[in-house]
Every structure is written in structure tokens, then in C-alpha cells.
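The values are calculated or read from the model by the stated rules, or taken from the named source; none is laboratory data. This structure is a prediction, so every number in the text was calculated from the model and none was measured. We place every Cβ from the backbone using ideal geometry, glycine too, and count neighbours over all the protein chains shown.
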């Protein structure tokens with residue numbers, strides 16, 4: 001089936017087999033390497049992508065479902081505030097799960113400019129991490145909020 | 001100190017967040033054959049016949065290899081020192097399959113589709129045997145898991161394959177039986193720990209190809225590149241010089257990658273076909289066919305006098321190594337060697353037991369490496385004893401635990417797989433850890449319990465722990481420093497950053513010695529062709545062992561810079577010094593910048609490459625210490641435990657990078673909490689692992705852990721680089737016992753089998 005969608009701001013038109021997962025299509029065929037397969041069953045969140053502003057596990061989505069959608073991954077983030085906040089807060093260990101956390105953070109902050117600790121925890125519940133113990137990830141999200149607020153003060 | 005103790009971000013942090021090719025699967029050659037493994041559906045069987053003809057004829061299939069097509073040389077997959085303390089009981093492929101998931105055939109083809117189809121078309125006839133699934137019935141079972149005569153240990157490890165014993169060990173100091181008679185109070189209990197799964201998020205992955213010189217290159221997600229090179233050479237009977245192992249960025253290890261897993265299978269395909277090949281394990285394969293933690297059972301007897309002096313510790317254990325004896329003896333010994341020295345004032349200690357084979361997923365290295373199993377048993381029993389004595393468990397520990405400047409005979413008697421080393425604990429702030437933790441958790445106020453409502457009780461509990469810093473006299477790390485023309489340095493290390501941030505730590509150590517910014521140290525790790533030898537990242541060794549090597553290499557580099565700088569300035573070496581920017585006359589005005597000197601040395605005068613190297617082997621293994629305090633809320637209607645607070649106070653010496661030390665402790669704690677409360681392992685009656693995905697094997701999410709408070713009490717370890725000890729494993733050790741003790745203090749239920757599920761609590765509450 002021929003699908004047409006936007007990936008990181010770029011128009012893509014591709015013929016994809018109907019059974020292909022969005023994860024395999026984006027990673028293997030289009031080379032979007034930030035998307036990782038951690039479990040293949042929607043539990044870990046390493047394959048999280050932003051589809052029309054919502055964070056989705058791409059291992060549970062078919063490529064054909066991307067038709068007409070707008071997809072964002074860390075490769076397409078022009079504003080690096082969230083990544084910088086993760087670096088600054090020291091919230092990264094092996095990094096395999098982190099692009100997923102960045103995307104879920106992006107989805108959260110799109111909806112909620114000043115999330116509480118509880119809201120952050122809930123928003124990141126679909127992303128698992130085995131290295132960090134999550135505390136610094138939460139700090140990183142708070143730092144990103146602070147950085148955005150500082151930025152908007154200046155404006 | 002300028003660079004050491006700086007909270008700088010991990011050098012690779014931003015690079016990991018941009019979607020660049022960094023992990024094995026990202027970097028594998030694009031035209032790699034896809035390799036998958038046909039795995040055994042039986043827990044124990046012999047292959048009677050295997051027919052690959054129909055599968056081989058599927059379009060796109062390049063090769064299908066069975067045990068008839070690969071060398072049959074016994075090796076161990078465990079990446080440890082050499083000679084290895086793990087028995088050589090594993091074959092690339094074998095006619096026997098010893099657990100559900102064991103390898104039957106290697107299939108390689110042009111894409112996943114044809115390989116998946118071929119896997120279904122291979123016809124195997126098995127002679128199925130009765131499997132050994134209960135480790136308490138393994139010894140002397142009528143089914144012998146390793147009947148083959150080639151399997152052997154490299155030295156005496158108490159191995160007896162005919163009885164399903166992979167290793168055994170026994171030691172006694174003083175007379176346990178005699179001393180127990182003199183004790184006023186004795187407790188005896190049995191404890192069990194489960195086969196925790198590592199769940200590193202990058203699944204085991206490996207790729208291989210033949211380079212232009214005809215050498216085998218393996219790209220792999222490993223903790224031990226140099227061990228991989230040696231094991232592959234041995235298993236295929238090819239010279240080490242014909243193999244190159246490259247470790248890119250690693251998506252977590254925790255011990256699960258301290259071994260070869262996918263490497264022999266891609267190597268077999270590449271050697272057979274001459275083509276690049278790659279394997280990426282599915283999550284199910286990682287669960288079913290890599291490693292787990294060794295499940296263990298401990299019978300503990302403790303004896304004390306009525307004034308609260310601990311006199312006797314007796315630990316008798318049984319460990320389940322699964323189908324292969326990887327890390328069998330060493331994890332078992334660590335359960336004693338990294339717990340018993342904490343109580344060094346006893347009159348008698350005994351530690352003995354066996355490690356048995358079963359037809360289950362092989363156990364291997366996992367963060368804590370026996371210490372967490374031993375700690376759960378010992379630190380639970382210490383609380384039982386303190387209660388029987390009518391003492392506060394914190395007070396009991398304070399009275400009996402090891403202090404700075406003291407020693408324990410255990411250090412000399414128990415090493416890893418062999419004798420250890422005599423050592424005085426030069427840095428130990430365990431006492432301060434205990435005091436500080438009591439304050440932070442508010443022990444005096446909260447111990448033992450508070451009633452919150454008719455159905456909810458809160459309790460606090462604690463445990464203390466120790467680990468090591470590398471394996472003394474065995475673990476070696478080496479480093480090379482190279483000066484570039486702009487005054488920056490390449491630091492080449494065989495040490496293996498698994499995501500921990502060790503590359504950054506090592507750069508900070510070099511920068512501190514040279515007085516340059518850490519940003520001027522460019523780290524490369526690790527590649528067996530390019531970087532010097534290092535045993536790899538395990539046994540909490542990198543900061544201490546590899547860090548000491550880096551420190552020495554940097555000290556040598558500083559001397560070289562001073563020597564060449566003095567020559568350039570026309571002064572005697574004794575008259576000049578180097579401050580990180582300039583080589584300058586100590587009592588005068590002459591100076592030359594490092595950048596200028598470096599450029600001149602490479603291009604114009606007295607040309608040479610400044611390069612320094614150093615190796616380090618620890619003569620000691622200084623233990624980091626910690627005290628862990630749990631505050632739990634138990635619902636007596638549901639048995640549900642909510643972890644309210646966890647306080648960890650850690651003495652890991654000087655923290656080279658406080659941010660990275662903290663995240664290591666936090667990550668370790670959460671893995672320990674997972675093992676304590678959630679991570680349940682279940683098998684079907686015929687030996688298939690049921691908890692083989694993240695739906696059924698629950699690891700903690702952010703919502704499952706309460707408030708975690710980590711604090712460092714700094715000591716100075718004189719043998720460590722800038723006073724540092726290790727930090728990688730210590731964080732995982734205390735949660736099982738501290739949480740079990742807190743639950744007991746809250747509701748009077750003593751759970752002795754991990755994980756502590758609501759069902760177990762309810763069942764015990766109902767018994768009361």
C-alpha cells in the first residue's frame with residue numbers, strides 16, 4: 001500500500017507491505033536509528049515516536065497507519081532543549097531507552113507546560129529504563145521545563 | 001582537585017540522543033546475513049536426527065549449521081580471568097540440548113522472512129530425557145546433564161559432572177560447632193533468592209565480517225572484548241591474531257554481557273560463507289537463552305552472647321547454575337566473601353556448599369554477583385538475631401561490624417575461584433553510613449512501626465553491605481595516552497563503558513593528573529586491535545583498576561612532556577614543571593605552551609610521538625560499603641507493599657564524578673528493589689520459562705518506586721585513583737534484606753523467599 005506522511009518535517013511517499021510494523025519501516029527502511037526495539041510488545045517504550053503530537057509505541061503500530069500522519073523522532077527535533085536538559089541533569093546512562101523518554105517528554109510538554117512531579121511520573125510510565133533508577137530522568141524533565149520557562153521570559 | 005569530583009556530563013551523552021549509529025545493530029554491515037537460532041523445545045534431549053534439506057532449499061537461505069558442521073571444543077562462555085574458574089562445558093552446538101532455548105541450529109539468510117521460514121522447516125527428532133528442574137534434587141539425579149567426557153574444569157573447583165555438580169566449596173575458621181555451644185542465643189533460618197533477569201535494554205547483538213586481510217572482525221555488545229577474542233579463538237581453533245573484536249556503545253550489561261552469546265553464531269556463519277552476518281536477540285531470547293542471576297538457597301545459623309556480641313556465622317548454600325556452569329563457583333564464593341567480612345569479630349565462620357546443574361536457563365554474572373544473594377540471607381538473619389536478643393538491629397550492627405583499619409581472615413581465604421589476598425580495610429566509613437542513614441530515615445522516631453490506619457502499617461528496616469573493587473591479583477587494565485599537535489590527548493583503553501560513564505571517569509582521571517580540561521582527553525574504548533588489554537567491565541573494576549592504569553599512564557605522560565619541554569627550553573628537567581598549559585622554568589621566565597611543543601615535536605624539531613602506557617593489577621580489592629534503609633507501608637488486607645522511602649548512604653571513597661556515582665547507586669537500588677518486590681520467575685512443569693517477556697516479568701517503572709535518597713559519606717582510599725573505590729554494584733545489595741526487615745517490622749511477617757509478593761505476605765499474615 002502506498003502511504004504518504006511527514007517524517008521529521010519531510011514528506012515521504014512509500015509503498016509498504018500491509019503487515020510491516022511502523023518500527024521496522026522507520027528504522028530499517030528509512031534509517032531512523034533513534035527508534036529502538038527493546039521488547040517488541042509495547043511494554044518498554046524504547047520505540048516511542050510522536051505521531052500527530054501523541055507518543056506512540058511504534059512496535060505496536062503498522063506502517064500503513066502512518067498514512068496522512070505527522071511523525072517526529074529525536075532526529076527531527078530542531079529545538080534541543082529537552083536533550084540538553086537530559087545531558088545537563090545527567091539523566092543518561094546507556095542511552096538505549098533515552099530517545100523514547102525524550103519523545104514522551106516532548107509529548108507531555110506539548111500538552112502541559114508546567115507538569116507536577118506526579119504528572120511527570122505518569123507521563124513517563126510507559127517508558128522503562130533499567131540503568132538510571134528514573135530519578136535523574138524526572139529531574140531532567142523538570143530542568144527542561146525550567147529552561148523553556150526561562151526562554152519564554154526572555155521573549 | 002579540578003577535574004576529579006567534577007559533575008561533568010557523560011562524554012557520549014548528547015551523541016546518544018541524536019539517533020546517530022552507535023550500537024552494534026546500527027553499525028552492522030548493511031549487507032549482513034540475518035542469523036537466527038533454532039532453539040530446543042525440550043529441557044533435556046539428544047538430537048537423534050536433524051534434517052535441514054527442505055529449509056536449505058528456501059530461497060535466500062545461505063547456510064544452516066548443526067552440531068555436525070562446527071568444531072566441538074569444550075569452552076566456557078563466561079568472560080573471566082584465565083585459566084577460567086568456570087568449567088569448560090559448552091560447545092558452539094552440541095548433540096545434547098540442556099534447556100528450553102538451547103541452540104540446535106544456526107540459520108543464515110538474506111532477510112528475516114526466509115530465515116523465519118527456514119526455522120520452521122528444519123526437522124529435528126529428539127530423544128527426550130527426564131529433565132532436572134528442581135535444584136534441590138539435582139545432586140545425584142538419575143539424569144546427568146553433562147554426560148559427555150570432554151567437559152572439564154581448568155583447575156580444581158569441586159566439579160563432579162556425574163552428580164550434576166558444577167562446583168563446590170568449603171571453608172571454616174575456628175570451630176562452628178564448638179563455638180555455637182558457648183552462645184546464649186542462636187538463630188537458624190533458610191532463605192531463597194530467585195533467577196533475576198538483567199533486562200539490559202539493548203538486546204544481545206553481534207555482527208561479523210572478514211576484513212581485507214582475511215581476518216575475522218566481530219562487532220559486539222559485550223562487556224569483555226578481550227575475553228570474547230580469546231573464547232572465539234578457542235572455540236573455533238583459530239589464532240587470536242586472526243580475530244578483532246570491536247565494542248561500540250553498549251545498551252546496558254549488568255553482567256549479562258560478561259560472556260559470549262551471539263558472537264560464535266555470527267562467526268560460524270561468516271567463517272563458513274565469507275559473508276557479513278548479524279544476530280539481534282529478541283527479548284524472549286534474551287530471557288530464555290542468555291543468562292539470569294544464580295538462584296540460591298542459604299541455611300544460616302548465627303550465634304551470639306547475650307551482651308549482643310556476634311560469635312558465629314554459618315552459611316551453607318546451594319546454587320543453581322542452570323544448564324552450564326558459567327560463573328558457578330565464583331558467584332557462590334562471592335556470597336560469602338562479600339558479606340562475611342562485614343562481621344569480622346566472630347570466633348568461628350563456616351561457608352560451604354555446592355553449585356548444581358539443572359535443565360534451566362543458564363545462570364551467569366549479574367551485578368551483585370552472589371553478594372546480593374548472601375546479603376539477603378545474612379542481613380535478614382542478623383535482624384532475627386537482634387530481635388531475639390532484644391536489641392535494636394542498628395545497635396547490633398554498630399557493635400559487630402567492621403571498622404576502618406581492621407581486617408578479616410576471609411579476605412585471604414576466599415578469593416574468586418581461588419585464594420584471596422590479605423588486606424586491611426584502609427577506608428571504611430560504614431559507621432557514618434549507618435548513623436547518617438538513621439538520621440535521614442528518622443530511625444529513632446519510626447522504628448519499628450507506625451499504625452497508619454486499621455489496615456495499613458508502616459515499618460522501617462535496614463541492611464548493610466560491602467562489595468569489592470576489581471579482583472585482586474587477577475583483573476588487569478591498561479591504558480595508552482597519545483599527545484596530539486593541538487595539545488589534546490587520545491586516551492585508549494580496553495576498559496568497556498557499558499553506559500556507566502566509565503569513559504568519562506577515566507578521562508577525568510587523566511585530566512586531573514595532566515591538569516588539563518577533561519574536554520581535552522578524547523577517549524576510545526574498546527577494540528582489541530587498537531586499545532591495550534583490559535579484562536573488561538565487571539567485578540566493579542573499571543574506576544579502580546582501569547582508573548589506576550590511566551592515572552599511571554598520565555603520570556608518565558606528564559614526565560615525558562616535562563622532559564621534552566626542558567629540552568626545548570634548553571634547561572635541565574629538574575628546573576621545569578608543567579601546569580597543564582605551559583612547560584615553564586620554575587625560577588625564571590622561560591616557557592613554551594603545550595600546543596607549541598606538541599606541534600614542534602610532530603613537525604619541526606626533534607620529531608617524535610609522545611605516547612605513554614601503563615598497566616594496573618590491584619594488590620587489594622578495597623570494598624565500598626553502604627547502609628540501606630527502607631520504609632514500607634503494608635496493607636494487611638491485600639498484602640500490598642508500598643515502598644515509601646529508601647535511604648542509601650554509600651562510602652565509595654572519593655567520587656570521581658558525583659553525578660555518575662549517584663546514578664550508578666540509584667540504578668542499582670532500583671534493580672535491587674525490583675528483585676525484592678516484583679521480579680518473579682516462573683517455569684512450566686516441563687521446564688519452559690514462562691516469565692519470558694516484559695508483560696510477565698515486571699521490572700520497576702517510575703510509578704513503582706517511592707522516594708529514593710542517596711547520600712555519599714566520603715572516605716579516602718589510599719590505593720585508589722585519587723581516593724576512589726568502586727560504585728557499580730554496591731547499590732544493588734541492600735534492598736532485599738532492608739525491605740524484608742522493614743516488612744517484618746511493619747506487620748510481623750518474615751518473608752524468606754524472594755520476591756516478596758503480596759500473596760506471600762497475605763498467606764503469612766493468615767497463618768499468624
With respect to residue B:661, is the statement that it is more than 26 Å from residue B:286 (Cβ to Cβ) and either surrounded by 24 or more Cβ atoms within 10 Å (Cβ to Cβ) or out of contact with any strand residue (DSSP E or B) (no Cβ under 8 Å at 6 or more places or on another chain) (or both) true?
-> yes
Being under 28 Å from residue B:111 (Cα atoms), within 11 Å of another protein chain (Cβ to nearest Cβ) and without any contact (Cβ under 8 Å) to a residue 12 or more places away in the chain narrows it down to one of A:45, A:31, so name that one.
-> A:31
Which residues, counting only those in region A:109-133, are under 15 Å from residue A:85 (Cβ atoms), more than 15 Å from the chain's Cα centre (by Cα) and within 11 Å of another protein chain (Cβ to nearest Cβ)?
-> A:132
Members of region B:715-735 found to be touching a helix residue (DSSP H, G or I) at 6+ places or on another chain (Cβ under 9 Å) and on the phi > 0 side of the Ramachandran plot, listed by number = B:722
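One line per residue, one yes/no per condition, for (1) more than 14 Å from chain A (Cβ to nearest Cβ); (2) under 30 Å from residue B:510 (Cα atoms):
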position	(1), (2)
B:8	no, yes
B:15	no, yes
B:18	no, yes
B:21	no, yes
B:25	no, no
B:40	yes, no
B:67	yes, no
Restricted to region B:682-703 and to residues being in contact with a helix residue (DSSP H, G or I) (Cβ under 8 Å, 6 or more places away or on another chain) and modelled with pLDDT under 95, the residue nearest to residue B:733 (Cα to Cα) is B:702
Among (1) in a helix (DSSP H, G or I); (2) farther than 24 Å from residue B:488 by Cα, residue B:619 falls short only on (1)
Selection status of residue A:138, farther than 22 Å from residue B:504 by Cα, at the interface with chain B (Cβ under 10 Å from one of its Cβ atoms) and buried (at least 17 other Cβ atoms within 10 Å of the Cβ) = yes
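Table: residues versus (1) modelled with pLDDT of 95 or more; (2) within 31 Å of the chain's Cα centre (by Cα); (3) more than 29 Å from residue B:412 (Cα to Cα).
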{"residue": "B:114", "(1), (2), (3)": "yes, no, yes"}
{"residue": "B:126", "(1), (2), (3)": "yes, no, yes"}
{"residue": "B:177", "(1), (2), (3)": "yes, no, no"}
{"residue": "B:181", "(1), (2), (3)": "yes, no, no"}
{"residue": "B:186", "(1), (2), (3)": "yes, no, no"}
{"residue": "B:190", "(1), (2), (3)": "yes, yes, no"}
Per the list (1) in contact with a helix residue (DSSP H, G or I) (Cβ under 9 Å, 6 or more places away or on another chain); (2) surrounded by 16 or more Cβ atoms within 10 Å (Cβ to Cβ), residue check on residue B:57 breaks on (2)
Matching residues in region A:78-111 - criterion: being within 21 Å of residue A:43 (Cβ to Cβ) and part of a helix (DSSP H, G or I) | A:98, A:99, A:100, A:101, A:102, A:103, A:104, A:105, A:106, A:107, A:108
Test each condition in (1) in contact with a helix residue (DSSP H, G or I) (Cβ under 6 Å, 6 or more places away or on another chain); (2) within 14 Å of chain A (Cβ to nearest Cβ) for residue B:302 and report the one that comes out false.
-> (2)
Is it true that residue B:545 is buried (at least 24 other Cβ atoms within 10 Å of the Cβ), part of a strand (DSSP E or B) and either away from chain A (no Cβ under 14 Å) or touching a strand residue (DSSP E or B) at 6+ places or on another chain (Cβ under 6 Å) (or both)?
-> no
Tell me, yes or no, whether region B:237-246 has at least one residue that is under 16 Å from the mean Cα position of the chain (by Cα), at pLDDT 95 or above and surrounded by 23 or more Cβ atoms within 10 Å (Cβ to Cβ).
-> no
Given the conditions (1) within 9 Å of another protein chain (Cβ to nearest Cβ); (2) surrounded by fewer than 24 Cβ atoms within 10 Å (Cβ to Cβ), report the number of the one that residue A:95 does not fulfil.
-> (2)
Somewhere in region B:551-574, is a residue within 22 Å of residue B:226 (Cα to Cα) and assigned to a loop (DSSP other than H, G, I, E, B)?
-> no
Region A:78-92, residues that are more than 7 Å from chain B (Cβ to nearest Cβ) and either closer than 23 Å to residue A:31 by Cβ or surrounded by fewer than 21 Cβ atoms within 10 Å (Cβ to Cβ) (or both) = A:78, A:79, A:80, A:81, A:82, A:84
Of all strands (runs of 3 or more DSSP E) fully inside region B:224-307, the set with 2 or more residues that are closer than 21 Å to residue B:108 by Cβ is B:243-246, B:277-280
Would you be able to tell me the number of residues in region B:609-658 that are within 14 Å of chain A (Cβ to nearest Cβ), in contact with a helix residue (DSSP H, G or I) (Cβ under 8 Å, 6 or more places away or on another chain) and either crowded, with 23+ Cβ neighbours inside 10 Å or within 30 Å of residue B:407 (Cβ to Cβ) (or both)?
-> 8
Selection count, region B:256-267, where residues are more than 12 Å from chain A (Cβ to nearest Cβ) and over 10 Å from residue B:228 (Cα atoms) | 4
Region A:58-77 - residue that is within 12 Å of chain B (Cβ to nearest Cβ) and outside any helix (DSSP H, G or I) and, of those, nearest to residue A:100 (Cα to Cα) | A:73
Selection status of residue A:23, touching a strand residue (DSSP E or B) at 6+ places or on another chain (Cβ under 9 Å), more than 11 Å from chain B (Cβ to nearest Cβ) and within 30 Å of residue B:11 (Cβ to Cβ) | yes
Out of B:679, B:666, B:729, sole residue that is within 14 Å of another protein chain (Cβ to nearest Cβ), closer than 23 Å to residue B:404 by Cβ and at pLDDT 95 or above = B:729
Please determine, by comparing only the residues of region B:747-764 that are outside any loop (DSSP other than H, G, I, E, B) and in contact with a strand residue (DSSP E or B) (Cβ under 9 Å, 6 or more places away or on another chain), which one is farthest from residue B:381 (Cα to Cα).
-> B:758
